[in-house]
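Report on the following structure.
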Number of protein chains: 2
Amino acid sequence: MTKNQGRLFVISAPSGAGKTTLVDKLLKLCPNVVRSVSMTTRLIRKGEIAGQDYIYVSKEKFQSIIKANGFLEYAKVFDNYYGSPKKFIATQLKQQKDVILTIDVQGAMNIKKIMGDKPVFIFILPPKFADLKKRLLKRKTDSAKEIAYRLKAAKQEIKCVKDYDYLIINDDIKIAYQQLLAIFISTKCRIGK
Amino acid sequence: MTKNQGRLFVISAPSGAGKTTLVDKLLKLCPNVVRSVSMTTRLIRKGEIAGQDYIYVSKEKFQSIIKANGFLEYAKVFDNYYGSPKKFIATQLKQQKDVILTIDVQGAMNIKKIMGDKPVFIFILPPKFADLKKRLLKRKTDSAKEIAYRLKAAKQEIKCVKDYDYLIINDDIKIAYQQLLAIFISTKCRIGK
């Protein structure tokens, strides 16, 4: 029970599980919750907003931040880097904000190594794998190769669900949101975590 | 995560913390949650309903159930027995109902000894001790002697809060209810508990 500081919520989900919709709704309705915007070296995609979806930087810039120990965690996926800037998270937590970090399983497990059981780890899944493929195809932002990669990655990631605190099956978006919100509210009352 | 069975929620609170109001509201709005009605040998009080507030039995009857190992836990407070009938709880859990057991700290700790960390342990507190006394006096159902006893007991009980999973400070009944509900909803998503 830490009253004087916010809490870090680490959220992972296979692409297409509906994570972004759920998190966006929570951010809109809960002024005390902020999102840690990840930094990446990959190119901006259509529809994305710089500084909101990601902070887009060059490889050189990214590597200099690595050297300065400025990431809570970072990873290389395909040819690109993704990382969670340390300073932003620390500042928000001190200001009693809850911080959402949406990262993949690898990143989440790194956070767990560094921060132990202090953050709340949430995994979001679509009801079926078939649905996952459908959702990915529907987005039309990923190539066939990337979809295949993401499906394979998802299968790997699901094996790590046991290391999370909560699992939300996004079968019905209203129920899934209610559950996500309930996790945030109830965590405020948790003793000894 | 047990999908096939309900879960036991053990709720403790000093008398006057607003526990009954909160639990009654939850029971009214959540059809999947039931309350385990305790059995007691004490006399029925004005305003209480037999079978709803307590199951009122004679000392002989109570002792025969003790002998038959029919209580999940029981305790003697003043000259009276209080106990949680085992069969009702087991039946409800099997029917995938969540069961609320409102008992004192002594009873809750007994449940913890028997069932480990499987149940969810919730403690409800009024914002201040002064408020607790005020609420007890307002009820007008307890004698001065009993109020003094309850306040002393409450002080003792608060020392055990650390053994619970959640603490709700009932400062604002709406927020307290939202928190109680959030604990029930989020528990459905808990992994490994």
**OP:** Tell me the distances, shortest first, between B:PHE78 and the same position across the other copies, using label points 7 Å along Cα→Cβ, in nm to one decimal.
**Re:** 7.3
Original post:
Which distance in nm do the two modelled labels at A:ALA153 and B:LYS76 give, with both placed 7 Å along the Cα-to-Cβ direction?
Top reply: 6.5
Subject >> the protein assembly as shown pair-distance distribution - Cα-Cα, 20 Å bins, rounded % >> reply: 24, 48, 23, 5, 0
Original post:
Which distances in nm, rounded to one decimal and ordered from shortest, link the label point of A:ASP171 to the equivalent label points in the other identical copies, with labels set 7 Å from Cα toward Cβ?
Top reply: 3.7
Original post:
Other chains near A:169-180: what is the mean number of their Cβ atoms within 10 Å of each residue's Cβ?
Top reply: 1
Original post:
Each label point is 7 Å from the Cα along the Cα-to-Cβ direction; what then is the distance between the points at B:SER143 and B:ASP24, in nm?
Top reply: 2.6
Original post:
Taking a quarter of the surface of the Cα convex hull of chain B, what do you get in nm²?
Top reply: 10.8
Original post:
In this model, which of A:LYS162/B:LYS67; A:LYS174/B:LYS97; A:LYS61/A:LYS138; B:LYS159/B:LYS188; A:LYS188/B:LYS138 are farther than 32 Å apart at the alpha-carbon?
Top reply: A:LYS162/B:LYS67; A:LYS61/A:LYS138
Original post:
Using the count of nearby Cβ atoms within 10 Å as a rough guide to exposure, how do B:SER143, A:SER186 rank from fewest to most?
Top reply: B:SER143, A:SER186
**OP:** Evaluate E = 1/(1 + (r/R0)^6) for B:LYS134 and A:GLN5, where r is the Cβ-Cβ distance and R0 equals 45 Å; express this FRET efficiency to the nearest 0.05.
**Re:** 0.90
**OP:** Count the net charge of all other residues whose Cβ sits under 14 Å from the Cβ of A:GLN178, scoring Lys and Arg as +1 and Asp and Glu as -1.
**Re:** +1
Original post:
Mean separation of Cα pairs under 8 Å and 6+ residues apart, divided by the residue count of segment A:40-119: what relative contact order is that in percent?
Top reply: 24
**OP:** For A:LYS94 and A:ASP53, calculate 0.36 nm times their separation in residues minus their Cα-Cα distance, and state this gained length in nm to one decimal.
**Re:** 12.4 nm
Subject >> Copy-to-copy label separations for B:LYS25, where each label sits 7 Å from Cα toward Cβ, in nm and ascending >> reply: 2.3
**OP:** Report Rg(Cα)/(2.2 N^0.38 Å) for segment A:1-78, keeping two decimals.
**Re:** 1.28
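Throughout, read-outs are computed from the coordinates displayed, never taken from laboratory work. Everything numeric in this text was worked out from a predicted model, so none of it was measured. All Cβ positions, even for glycine, are placed from backbone atoms using ideal geometry, and neighbour counts span all protein chains on display.
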